[in-house]
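Enquirer: I have a structure I would like to understand better, so I am pasting it below and will then ask my questions one at a time.
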Amino acid sequence: MKIIGLRWWIIALIFIATVINYVDRTAFALLWPQMGEDLGMDKKDYALLLNVFMATYAASKFLSGRLYDKIGTRIGFTLSIIVWSLAATFHAFAKGLFSLSFVRGMLGLGEAGLWPGAVKSNGEWFPVKQRALAQGIFNSGASIGNVIAPVIIVFLYARFGWKTTYIILGLIGLIWVIPWLVINKSNPKNHPWITDEEKGIIFGDQIEEVEESTENKKSLSLKEILSFKESWGVLLCRFFIEPIWWFFAGWMPIYLNSKFNLSIEQIGNTMWISYLMAAAGSILGGLFTEQMIKKSSVDYGRKISIVVGCILIIVAFVSIILFVKETNFMTFIYLAGVALFGFQFAIGNIQTLSSDLLKGPSVGTLAGLAGTVAAVSPMIMNWFIGQITGGGSYVPAFVAITISVVLAVLVVFLLIKKVKLIDVKTS
């Protein structure tokens with residue numbers, strides 16, 4: 001049996017896993033008012049639990065990258081989604097701060113593996129020109145997850161309560177494992193269902209990687225990877241740009257409630273607009289990059305897409321600072337959508353840099369380390385917002401995020417002179 005376009009089936013399953021991932025994590029912010037009341041917790045506990053998740057998420061990004069390099073993406077994804085789905089289910093049985101901290105940490109451990117796994121899988125299944133598009137499809141799952149999460153979670157909560165909602169969400173993740181193991185039998189070189197034509201597409205512009213694969217069966221050591229300035233360009237760019245997404249993911253419902261006094265239902269009825277714009281940014285960013293690479297080079301395509309996305313983010317945050325007032329929350333919703341559109345337009349290319357610069361088993365290691373670094377800056381942001389929002393103003397946070405975006409662009413141009421495979425022998 002042969003399946004035409006098998007790589008698109010693989011990325012479709014990863015997209016669905018990403019949607020599930022974000023529905024599971026978004027549930028916490030949306031269900032927190034009732035959870036917190038039932039468990040006797042307050043906003044300080046909420047901030048602490050956010051950072052418990054982020055701490056294990058940060059550690060797991062690097063560990064998952066190394067794990068995926070050793071066991072492959074097929075088993076790696078299976079382990080990740082089983083762990084986070086069980087963690088989602090166990091939320092229903094939390095009795096207090098300690099038990100809830102444990103399941104939040106377990107959720108972070110499982111969910112983090114999705115990102116280095118997707119980068120590695122896309123590097124295996126897609127030619128260089130299509131990797132940004134594949135990454136954009138994957139990233140759009142995060143946005144779509146945030147779009148549908150309020151609808152799904154409010155629906156389930158209204159009928160079953162928050163505990164049963166978590167159990168149902170966990171079961172959905174476990175069901176995903178079945179088609180994943182059936183369809184993703186092997187890598188594209190050995191998959192029994194792949195056509196010769198698709199093999200030609202996948203490996204057509206990876207000739208150099210295929211020829212040298214025998215020399216690079218083992219991953220480079222962490223010390224070797226960090227000896228390249230290009231690796232630091234990836235790490236620092238992720239560090240500076242990541243707080244944007246996590247601000248909206250972790251604080252947007254709280255901001256809308258405190259700034260505009262919106263209810264959970266009102267937040268759910270409007271917040272999806274911003275994330276729908278983010279999903280569009282993911283896909284359009286990938287398509288734009290593909291066209292730029294065809295017309296020029298991988299280096300130009302990646303960098304111009306990163307610049308365009310970051311300009312949109314900066315314009316959006318400056319506009320939020322200048323124009324958003326207490327009575328026009330929809331202005332914030334649309335500007336947040338512009339910021340998220342720009343972030344997703346750029347981030348697919350930033351994440352893909354790992355597979356552009358390194359090859360083979362080393363890709364997952366760099367992607368995982370970049371994910372770990374990317375989780376550290378949101379933890380700093382969470383602490384910062386907690387310190388400065390006592391008076392109700394988020395402006396200092398918006399200013400800091402804007403400066404951080406500028407730094408993200410600078411480190412790419414300063415440390416990655418040209419986006420291409422690093423010549424390990426001469427570096």
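Enquirer: Here are some residues: GLY136, GLY123, GLY76. Which one is under 17 Å from GLY173 (Cβ atoms), assigned to a helix (DSSP H, G or I) and in contact (Cβ under 8 Å) with a residue 12 or more places away in the chain? Working first, answer last.
Expert: On the way: GLY136 fails: under 17 Å from GLY173 (Cβ atoms); GLY123 fails: under 17 Å from GLY173 (Cβ atoms).
It is GLY76.
Enquirer: Go through (1) at pLDDT 85 or above; (2) touching a Lys or Arg at 6+ places or on another chain (Cβ under 6 Å) and name the single condition GLY368 misses.
Expert: (1) is the only condition that GLY368 fails.
Enquirer: Filter the range 85-134 for residues that are polar (S, T, N, Q), open to solvent by 10 Å² or more (accessible area, probe 1.4 Å) and within 27 Å of SER282 (Cα to Cα) and give the result.
Expert: Within the range 85-134, just GLN130 meets the criteria.
Enquirer: From (1) hydrophobic (A, V, I, L, M, F, W, C); (2) modelled with pLDDT under 90; (3) open to solvent by 50 Å² or more (accessible area, probe 1.4 Å), pick out the condition that doesn't hold for ILE175.
Expert: (2)
Enquirer: Here is a follow-up. Of all residues in the range 13-42 being touching a residue at least 60 places away in the same chain (Cβ under 8 Å) and open to solvent by 40 Å² or more (accessible area, probe 1.4 Å), which is farthest from the chain's Cα centre (by Cα)?
Expert: Here the answer is ASP38.
Enquirer: LEU407 - would you say it is touching a residue at least 40 places away in the same chain (Cβ under 8 Å) and either part of a helix (DSSP H, G or I) or closer than 19 Å to THR289 by Cα (or both)?
Expert: Yes.
Enquirer: If you scan the range 273-308, which residues turn out to be open to solvent by 10 Å² or more (accessible area, probe 1.4 Å), assigned to a helix (DSSP H, G or I) and of a type outside the set (A, V, I, L, M, F, W, C)?
Expert: Matches in the range 273-308: GLU290, GLN291, LYS294, LYS295, ASP299, TYR300, LYS303.
Enquirer: On to the next question. Just one of (1) outside any helix (DSSP H, G or I); (2) out of contact with any Leu (no Cβ under 8 Å at 6 or more places or on another chain) trips up ILE194, so point out which.
Expert: (2)
Enquirer: Kindly indicate whether THR270 is part of a helix (DSSP H, G or I) and open to solvent by 10 Å² or more (accessible area, probe 1.4 Å).
Expert: Against the criterion (part of a helix (DSSP H, G or I) and open to solvent by 10 Å² or more (accessible area, probe 1.4 Å)), THR270 qualifies.
Enquirer: Hey, among the residues in the range 389-398 that are open to solvent by less than 50 Å² (accessible area, probe 1.4 Å) and in a helix (DSSP H, G or I), which one's modelled with the lowest pLDDT?
Expert: THR389
Enquirer: Another question, if that's okay. Which of the following residues is surrounded by fewer than 24 Cβ atoms within 10 Å (Cβ to Cβ) and not in a helix (DSSP H, G or I): THR327, THR331?
Expert: Values: THR331 fails: not in a helix (DSSP H, G or I).
Sole residue among the options that is surrounded by fewer than 24 Cβ atoms within 10 Å (Cβ to Cβ) and not in a helix (DSSP H, G or I): THR327.
Enquirer: Is one or more of the residues making up the range 151-166 closer than 26 Å to LEU63 by Cβ and in a helix (DSSP H, G or I)?
Expert: Within the range 151-166, one or more residues are closer than 26 Å to LEU63 by Cβ and in a helix (DSSP H, G or I).
Enquirer: Kindly indicate which of ALA132, ALA149, ALA158, ALA142 is of a type in the set (Gly, Ala, Ser), out of contact with any Cys (no Cβ under 6 Å at 6 or more places or on another chain) and farther than 25 Å from ALA336 by Cβ.
Expert: So the residue among ALA132, ALA149, ALA158, ALA142 that is of a type in the set (Gly, Ala, Ser), out of contact with any Cys (no Cβ under 6 Å at 6 or more places or on another chain) and farther than 25 Å from ALA336 by Cβ is ALA158.
Enquirer: Moving on to the next point. Report every pair of residues separated by at least 6 positions or lying on different chains whose Cβ atoms are under 6 Å apart, first residue within the range 240-269 and more than 20 Å from ILE152 (Cβ to Cβ), second open to solvent by 30 Å² or more (accessible area, probe 1.4 Å) and of a type outside the set (D, E, K, R).
Expert: So the pair list comes out as PHE240/LEU407; PHE260/PHE329.
Enquirer: Still on this structure: Give ALA29, ALA58 a once-over and let me know the one that is over 21 Å from ILE183 (Cβ atoms) and in contact with a Phe, Trp or Tyr (Cβ under 9 Å, 6 or more places away or on another chain).
Expert: Checking each option against the conditions leaves just ALA29.
The values are calculated or read from the model by the stated rules, or taken from the named source; none is laboratory data. All figures in this text were calculated on a predicted structure; none of them were measured in a lab. Quick reminder, even Gly has a Cβ in these numbers, built from the backbone with ideal geometry, and neighbours come from all protein chains shown. Calculation scope for accessible area: heavy atoms of the full protein, side chains included, ligands and nucleic acids excluded. Shrake-Rupley method; radii C 1.70, N 1.55, O 1.52, S 1.80 Å.
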